[in-house]
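Single-structure report; data block below.
The values are calculated or read from the model by the stated rules, or taken from the named source; none is laboratory data. Predicted, not measured: the structure shown is a model, and the values here were computed from it. Backbone-built Cβ (ideal geometry, glycine too); neighbour counts: all protein chains shown.
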Amino acid sequence: MNTVVSGIRPTGQLHLGNYFGALRNFVKLQHEARCFFFIADYHALTTHDNPEQLHENVRTVLAEYIAAGMDPQTATIYVQSDVPQVTELSLLLSMHAYVGELERTASFKDKVRKNPSNVNAGLLTYPVLMAADILLHRASHVPVGKDQEQHLELTRVFARRFNNMYGVEYFPESQPYNFGSELVKIPGLDGSGKMGKSENNGIFLADSDAVIRKKVMKAVTDAGPAEPNSPMSEGVANIFTIMNVVSEPSTIEYFKEKHAACEIRYGDLKKQLAEDIIKTVAPIRERIESIRNDDAYLRDVLAEGASRARESASKTVEDVRQIMGIRRF
Ligand code: TRP
């Protein structure tokens, strides 16, 4: 693994599941490879966000990722639209992308079904722009979730096609990078399944102490263990799973013993969990707030990121122009 590229949708609102899951791994990855992390604001436009919303979402996502440990000194963090070379590469790649294969992408078909009145050309060429994001830095690896694997597959198709077409070995076949067993899964507070943004079962990094307490006190448990050493219901087991990442081992041990002895009071368990979550979240929330409100800092970070990304991008675009025959006299 040498070069990693990852695009982040500017939707904001990271939750504990993101923080202890993918984000932890991104933070580690920064030190293991040359990393380009960017906010995919061009991609966001396919759904016609209102302009203020889009701008604020970019700010939020940046503040949240940086507050959670993404380091602009170590990784190259930039906003996609600050590196316009990506649009040229996207245009050049689109000459070898067939409409048929774009129409067959699962995400495109899904969008057409859900939103038949807004089937714009940007939606169709979304995978081409994404391939350009990745090939712009000739990424060896791309950390992606299941829903993005088909897009990455297409990226490899475009890379191979380009290489074959022009008889070069220029673009790598960017491989998916799965965090696999290192990915910690955090359950939701609703008794089953994992924590998600839309499931409404999670704690957001931006939640206040009061909101965290309220959400945790409503977490699903059960009527209490029926007899000593009886197995835990899923809801109660989930509370312990979250405790595993935020609480002291001795605290967890204490409540496990109480459960085994049928003496547990779920109210006390939840109070403890809420305080331990607050210990993790409160400092991150404060960092998010201070970064969000610091335009000068954001400007500096993004200027530096854009300049590093442009250096890598303009080299690629220049090479591709040469290869395709766009040459100066
Ligand atoms: N399509 C990705 C998503 O919806 C975001 C994205 C855009 C991306 N360009 C990328 C991810 C390049 C990885 C690499 O989450």
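Results for (1) assigned to a loop (DSSP other than H, G, I, E, B); (2) modelled with pLDDT of 95 or more, shown as yes or no for each residue.
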position	(1), (2)
151	no, yes
155	no, yes
159	no, yes
170	yes, yes
181	no, no
189	yes, yes
196	yes, no
200	yes, no
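Here are 72, 143, 84, 116: which of them is away from the ligand (no atom under 13 Å from the Cβ), in the same structural domain as residue 314 (by TED's automatic domain parsing) and closer than 30 Å to residue 16 by Cβ?
Exactly one residue qualifies, and that residue is 72.
Mind telling me which of the residues 82, 71 ends up being at pLDDT 95 or above and more than 30 Å from residue 322 (Cβ to Cβ)?
Numbers: 82 fails: more than 30 Å from residue 322 (Cβ to Cβ).
Residue meeting the stated conditions: 71.
Does region 95-118 hold any residues that are closer than 21 Å to residue 163 by Cα and of a type in the set (Gly, Ala, Ser), and which are they? Working first, answer last.
So in region 95-118, the residues closer than 21 Å to residue 163 by Cα come out as 95-102.
Listed by number, the residues that qualify are 97, 100.
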Scope region 1-29; condition under 13 Å from residue 65 (Cα atoms), polar (S, T, N, Q) and surrounded by fewer than 20 Cβ atoms within 10 Å (Cβ to Cβ); matching residues: 11, 13, 25
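The rows are residues; the columns are (1) buried (at least 19 other Cβ atoms within 10 Å of the Cβ); (2) among the hydroxyl-bearing types (Ser, Thr, Tyr).
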residue: 216; (1), (2): yes, no
residue: 219; (1), (2): yes, no
residue: 222; (1), (2): no, no
residue: 232; (1), (2): no, no
residue: 238; (1), (2): yes, no
residue: 244; (1), (2): no, no
residue: 248; (1), (2): no, no
residue: 251; (1), (2): no, yes
residue: 254; (1), (2): no, yes
Kindly provide the set of residues from region 135-186 that are among the hydrophobic types (A, V, I, L, M, F, W, C), over 30 Å from residue 243 (Cβ atoms) and in contact with a Phe, Trp or Tyr (Cβ under 7 Å, 6 or more places away or on another chain), ordered by number. 135, 142, 159, 162, 171
Tally the residues that are under 21 Å from residue 322 (Cβ atoms) and of a type in the set (A, V, I, L, M), restricting the search to region 85-136. 13
Qualifying helices (runs of 4 or more DSSP H) (wholly inside region 216-297; at least 3 residues being outside the structural domain of residue 13 (by TED's automatic domain parsing) and closer than 27 Å to residue 72 by Cβ): 266-292
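Given 133, 147, 110, which one is at pLDDT below 95, at negative phi and assigned to a helix (DSSP H, G or I)?
Working: 133 fails: at pLDDT below 95; 110 fails: at pLDDT below 95.
Testing whether each residue is at pLDDT below 95, at negative phi and assigned to a helix (DSSP H, G or I) leaves just 147.
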Matching residues, region 37-50, being more than 9 Å from the ligand (Cβ to nearest atom), in contact (Cβ under 8 Å) with a residue 40 or more places away in the chain and not polar (S, T, N, Q): 37, 39, 41, 45, 48
